[in-house]
Amino acid sequence: MSRAGTAAKVAASPAVVRPVVARPPVAQAGTQVERRAAGGTCRSKLNPPRLARAAIEIADAEGLAAVSMRRLATHLGVGTMTLYYHVRDKDELLDVMWDEFMGESLLAEVPADWRGGLTAIARRMRESYQRHPWTLQVIIRSSRGPNKLRFIEQYLGVVSRLTDDPLEQQRILHSVNDLVVGCTLREASALRTTTAGWNDPTVDGPLLEPDFGTLDDGEELPRLRSLWRNGCLVMVPRFEQALGWLLDGIEAAHPDVREDEGKNTGNASGTREQ
């Protein structure tokens, strides 16, 4: 067919009418944007520290086992998936909870002398554990959040007054920490069997009754029996005395520090004031 014939055939064909699809009104598009912005605003009110504080509230009231992403979302009044914008999973949530706890353990002011500083840090840590007993279940966390770093720096600032040896500084830090944790764990165990508070001086802890009937014939254990007869096997508060003994030992191991502090805190002649 010639070009002229083809052109004539196309001209004779009926026109193809294509339907016009109306575009969504601008107002509708704006509504969608506003809806997305509203969702973003909801998420922006959350952040890891706020999640940590809310999770701590749950753990304090119901125990660590009650903390889950779903339970936390319900507590905050948001969808569970919203939390994952801020923490990867429950393990990371525990990390931010621990870091928030470490921030609570920081001292606003640190005493000038090393003994006063270590005493203040140890007491604050013990008080923090008492307020949040669930932390004793997650005490060893590999995370190094900002508050934990600040806490370690504050600790090192005190122990550096005793020694410049970094290994010795770590040994002192860990010794005090171990004492705090050990005493608090023992006290927490005692509280499970008594209605006494953490620091109730008027109430003794539970009596530790030895089961002498389990001993082999001929085993007397005279010293233990003597303690039992004299009513000494009672869980009594011992933290302050134990801390004092530990600090006495630390001081004995660093005799030069006492002399230096005497020069710094004494009169013009460099002797201690009486």
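The values are calculated or read from the model by the stated rules, or taken from the named source; none is laboratory data. Computed from a prediction, not measured in an experiment: that's the story for all the values here. Counting neighbours? That spans all protein chains shown, and the Cβs are built from the backbone with ideal geometry, glycine included.
So, restricting to helices (runs of 4 or more DSSP H) that lie completely within the range 49-161, which ones have at least 1 residues that are over 23 Å from A242 (Cα atoms) and within 16 Å of the chain's Cα centre (by Cα)?
90-104, 146-159
What single numbered condition from (1) surrounded by 14 or more Cβ atoms within 10 Å (Cβ to Cβ); (2) at pLDDT 80 or above; (3) assigned to a loop (DSSP other than H, G, I, E, B) fails to hold for L173?
Single failed check for L173: (3).
Residues are listed down the side, and each one gets a yes or a no for (1) out of contact with any helix residue (DSSP H, G or I) (no Cβ under 9 Å at 6 or more places or on another chain); (2) modelled with pLDDT of 95 or more:
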site: R144; (1), (2): no, no
site: L156; (1), (2): no, yes
site: V180; (1), (2): no, yes
site: G213; (1), (2): yes, no
site: E220; (1), (2): yes, no
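Test R131 against the stated conditions and say whether it is more than 24 Å from A65 (Cβ to Cβ) and not assigned by TED's automatic domain parsing to the domain that holds E62.
No.
Considering only residues of the range 225-240 that are part of a helix (DSSP H, G or I) and exposed (fewer than 11 other Cβ atoms within 10 Å of the Cβ), which is modelled with the highest pLDDT?
Among those that are part of a helix (DSSP H, G or I) and exposed (fewer than 11 other Cβ atoms within 10 Å of the Cβ), it is S226.
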